[in-house]
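See structure below.
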Amino acid sequence: MTRGYFITFEGGEGAGKSTQVRILAERLKGAGAEVVATREPGGSSGAEAIRALLVTGDPDRWSAVSETLLMYAARRDHIERTIRPALERGAWVISDRFADSSRAYQGAGGGVSPDFLAAMETHVLEQTRPDLTLVLDLPVEQGLQRAGHRGGPEARFEAKGLAFHQRLRDAFLAIAQAEPARCAVIDALAPRDAVSEAIWAAVSARLPVGAAA
Ligand code: TMP
């Protein structure tokens, strides 16, 4: 059995990632693949418990370093219990956010040093790295407006202000520019179906979707 492929979705608030994860998962299933669609923070029962600490409450509830440690504790559990077992049995794993979100939110947004984040990636991710990262990009104002319409209690990061979110957008674009072999930038302002087509074009150009059947 060959190892499966690991795809991550990244981007700011309100980019439509969760909808697009669902659409891509269905399309890959239609091509015959076993697909595990998951999310961060979360994706395993321990990581979902940590998520509740991270996404609710006062925006200043955690320092950026504490937040990074909680994100990485959740991420390790997610990798050990969900991502690695799925990849090892040949499934495709699609995660709504992964380590680039820590580089953007805790690094560019919160001021955590790139060295600290790189050390986390080395020791916590080890070899579990995305084969493809789709960066869903749209202007910050539109993203926050869309996310605001969703409402709900998980608004801790949405409350951090425009300048914070602009730093995130710039950081995701810089990651994509620095790692073009891994990343594709998708225009998330386009209509939903056009976004899914652009995603499918990027996935099928870079990964063996035919072999999923
Ligand atoms: P979501 O709204 O996409 O479900 O993500 C939950 C929030 O957690 C979102 O505001 C981004 C934030 N986050 C980080 O700050 N760092 C991370 O590493 C991850 C995975 C998410």
- Return yes when D137 is touching a residue at least 40 places away in the same chain (Cβ under 8 Å), touching a strand residue (DSSP E or B) at 6+ places or on another chain (Cβ under 9 Å), away from the ligand (no atom under 13 Å from the Cβ) and closer than 20 Å to R22 by Cα and no when it is not. yes
- Item | Index of the failed condition, V35 passing every other in (1) open to solvent by 30 Å² or more (accessible area, probe 1.4 Å); (2) touching a residue at least 40 places away in the same chain (Cβ under 8 Å); (3) touching a helix residue (DSSP H, G or I) at 6+ places or on another chain (Cβ under 6 Å) | (1)
- Message: Checking the condition within 27 Å of S63 (Cα to Cα) and at pLDDT 95 or above, which residue from V140, V185, V195 passes?
- Response: V140
- Any chance you could count how many residues in region 74-99 are aliphatic (A, V, I, L, M) and under 16 Å from the mean Cα position of the chain (by Cα)? 6
- Message: Take the conditions of a type outside the set (K, R) and modelled with pLDDT of 95 or more and apply them to T68. Does it pass?
- Response: yes
- Which of (1) aliphatic (A, V, I, L, M); (2) within 12 Å of the ligand (Cβ to nearest atom); (3) touching a helix residue (DSSP H, G or I) at 6+ places or on another chain (Cβ under 8 Å); (4) over 19 Å from C183 (Cα atoms) does V55 not meet, given it meets every other one? (3)
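The values are calculated or read from the model by the stated rules, or taken from the named source; none is laboratory data. Computed from a predicted structure; not experimentally measured. Virtual Cβ from ideal backbone geometry, glycine too; neighbours counted across all protein chains shown. Surface areas here come from the heavy atoms of the whole protein model, side chains and all, with no ligands, DNA or RNA. Shrake-Rupley method; radii C 1.70, N 1.55, O 1.52, S 1.80 Å.
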